[in-house]
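The values are calculated or read from the model by the stated rules, or taken from the named source; none is laboratory data. Owing to the predicted nature of the structure, the values given are computational and were not obtained by experimental measurement. Every residue, glycine as well, gets a Cβ built from its backbone with ideal geometry; the counts of neighbours run over all protein chains shown.
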Amino acid sequence: MKNQVIVLDFGAQYTQLIARRVREEKVYCQVLPGDATVQEIKSAVNPSGSNLPGAIILSGGPDSVYLPGAILPDPAVLKMGCPVLGICYGMQAMAKLLGGRVVPGGSAGGVGGAAASAVTRAASGGEGGGREYGPAVFTPGNPEGILEGITSPVEVWMSHGDSVEEVPAGFLVLGSTEKARVAAMGDRGARQYGVQFHPEVRNTPCGQEVLRNFLFRVAGLKPDWTMEKFIDRAVGEIREKVGDSHVIAGVSGGVDSTISAVLVHRAVGDRLHPILVDHGLMRQDEAGYVMSALAGLGIKVNLVNAQDRFLGRLTSVADPEKKRKIIGEEFIRVFEEEARKYGSAEWFVQGTIYPDVIESGSRLRASIKSHHNVGGLPDRMNLKLLEPLRELFKDEVRLVGKELGLPHEFTGRHPFPGPGLAVRILGEVTREKLEIVRKAQAILDEEIRRAGWYDKLWQCFCVLPNVRSVGVQGDSRTYCHLVAIRAVHSEDAMTADWARLPYSALERISARIVNEVPDVNRVALDITSKPPSTIEWE
């Protein structure tokens, strides 16, 4: 697929937002490591390695371009002939490799020179402008190419220490801020541009316009990435991969696993065997709900009761990564055992999506946590993996579900982690703790829907932090569990902001939980955004 963008990732927290913003313009894109070779890029575009991408975007990153060991793009990438847009560190890397000059912005840390201002200063030969973190006013000087239509000063979001002091030969300075003389640069003939600010974040109101100009005016791409087109392509690829063999699908009750199963069912029909493993870590009445929803689409689900098996293996296990690994391995073993009932079953379907892959790490990106369907899988598996949604963000998955005929009450369900309630209980998982979280979650869901807030939220769930506190109930002293509530707004789970729930709803939720859930005497609200926190507690 030539009509796509390759985003080279240098470790920035915003890289996935770049990909998301590109896809919002109906242009497909992939994220590759920042040091990807030309051949790796070509192979990502087309398995035969014969096509160039329609454009390349270089992400931001935490390093200085002069820091020993700093990751830089392969210089050959800038000679491929593709349009290139460098963002923050990406622009600095372009400038350095093409003969410009990058200088430090101060004597202490920050993105784009974070760890190495002294090294940068010595290598670059001098001091530069000031560091910029947060809002800044960008003044366009040459509104062409990526700045087409932006003629007046606008607010942008900055996060950098180093700055481009001299642009490479052939480039023009396209705009500046108070502290960055080169806040945008471009070589119209080579179709190569750079911006020091972050167009991918909402704090840069003109950012989407900058990206749109790059995609369509500069690169000449077409807005042809739709979920209808994705489904047609995915069905064809699944049929080609699977051939005549049977397929096992793990459905957990979450949106991702269910939509994966429905998509594969469209491709292979009755050779799909969806299995719902009741590991004892599901929400209240989850199994019946999932089986009923899929039955409505003509898909029969086989239920396997494995509660004792999973909870037995989790006994005395408190570390969250160990819990994820145990659950991931046990899932696979159960599915392998079930697959023997279907002689020619060779494939196992999982609801892996793009953020799962990203957060589980890469060769240039640290692992945030092992997702049970990525980093939590055992090394030895007897089934081949089939992950039809692996390249999609969550909102795209929901659109696929809608196209496949799933009702909104299902596609609109809040995300639920693969390891289930095990990662919403801090410390050891027990049947008693699971019952507390289940009952509290059922109350929370009911009250959030009653308040008209369910569809406004990305996620809203209860956590049992394994903390007890003193209370008074019925004129007697109690020493019971605390339940924490986590409610967030998000677009794709890569970043999130805590939700300002109405006080009246919070009051009802708290009162009902402490009155209706045994062994709970306190309710707390988590008001931390992502970053610095993740959405789930474990």
Taking the stated definitions as given, is Ala499 in contact with a strand residue (DSSP E or B) (Cβ under 9 Å, 6 or more places away or on another chain), among the hydrophobic types (A, V, I, L, M, F, W, C) and surrounded by fewer than 20 Cβ atoms within 10 Å (Cβ to Cβ)?
no
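How about segment 257-280: which of its residues are on the phi < 0 side of the Ramachandran plot, assigned to a helix (DSSP H, G or I) and modelled with pLDDT of 90 or more? Show your work before the answer.
First, pick out the residues of segment 257-280 that are on the phi < 0 side of the Ramachandran plot: 257-268, 270-279.
Next, from what is left, pick out any that are assigned to a helix (DSSP H, G or I): 257-268, 270-271.
Answer for segment 257-280, where residues must be on the phi < 0 side of the Ramachandran plot, assigned to a helix (DSSP H, G or I) and modelled with pLDDT of 90 or more: Ile259, Ser260, Ala261, Val262, Leu263, Val264, His265, Arg266, Ala267, Val268, Asp270, Arg271.
Conditions (1) within 23 Å of Ile231 (Cα to Cα); (2) crowded, with 24+ Cβ neighbours inside 10 Å; (3) among the hydrophobic types (A, V, I, L, M, F, W, C), marked per residue:
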position	(1), (2), (3)
Thr15	no, yes, no
Glu24	yes, no, no
Val38	no, no, yes
Val45	yes, no, yes
Gly69	no, no, no
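Quick test for you: out of Ile448, Ile509, Ile485, pick the one residue that is in contact with a strand residue (DSSP E or B) (Cβ under 8 Å, 6 or more places away or on another chain) and part of a strand (DSSP E or B).
Numbers: Ile448 fails: part of a strand (DSSP E or B); Ile509 fails: part of a strand (DSSP E or B).
The unique qualifying residue is Ile485.
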In segment 149-187, which residues are buried (at least 16 other Cβ atoms within 10 Å of the Cβ) and in a loop (DSSP other than H, G, I, E, B)?
Ile150, Gly161, Asp162, Val167, Pro168, Phe171, Thr177, Lys179, Ala180, Arg181, Val182, Ala183
Residue check, Gly280 surrounded by 16 or more Cβ atoms within 10 Å (Cβ to Cβ) and in contact (Cβ under 8 Å) with a residue 60 or more places away in the chain:
yes
Report the residue count in segment 205-226 for those that are out of contact with any Lys or Arg (no Cβ under 8 Å at 6 or more places or on another chain) and either assigned to a loop (DSSP other than H, G, I, E, B) or at pLDDT below 95 (or both).
5
Can you pull out the residues in segment 46-86 that are β-branched (Val, Ile, Thr) and out of contact with any helix residue (DSSP H, G or I) (no Cβ under 7 Å at 6 or more places or on another chain)?
Ile71
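The rows are residues; the columns are (1) touching a Pro at 6+ places or on another chain (Cβ under 6 Å); (2) within 22 Å of Glu536 (Cα to Cα); (3) assigned to a loop (DSSP other than H, G, I, E, B).
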residue: Leu385; (1), (2), (3): no, no, no
residue: Pro388; (1), (2), (3): no, no, yes
residue: Glu396; (1), (2), (3): no, yes, no
residue: Leu399; (1), (2), (3): no, no, no
residue: Glu409; (1), (2), (3): no, no, no
residue: Arg413; (1), (2), (3): no, yes, yes
residue: Gly418; (1), (2), (3): no, yes, yes
residue: Ala422; (1), (2), (3): no, yes, no
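So which of Val483, Val463, Val520, Val514 ends up being of a type outside the set (D, E, K, R) and either more than 18 Å from Gly427 (Cα to Cα) or surrounded by fewer than 18 Cβ atoms within 10 Å (Cβ to Cβ) (or both)?
Selected residue: Val514, the only one of Val483, Val463, Val520, Val514 that is of a type outside the set (D, E, K, R) and either more than 18 Å from Gly427 (Cα to Cα) or surrounded by fewer than 18 Cβ atoms within 10 Å (Cβ to Cβ) (or both).
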Residue by residue through segment 41-61, note down the ones that are within 28 Å of Ser159 (Cβ to Cβ) and either among the basic types (Lys, Arg) or assigned to a helix (DSSP H, G or I) (or both).
Ile41, Ala44
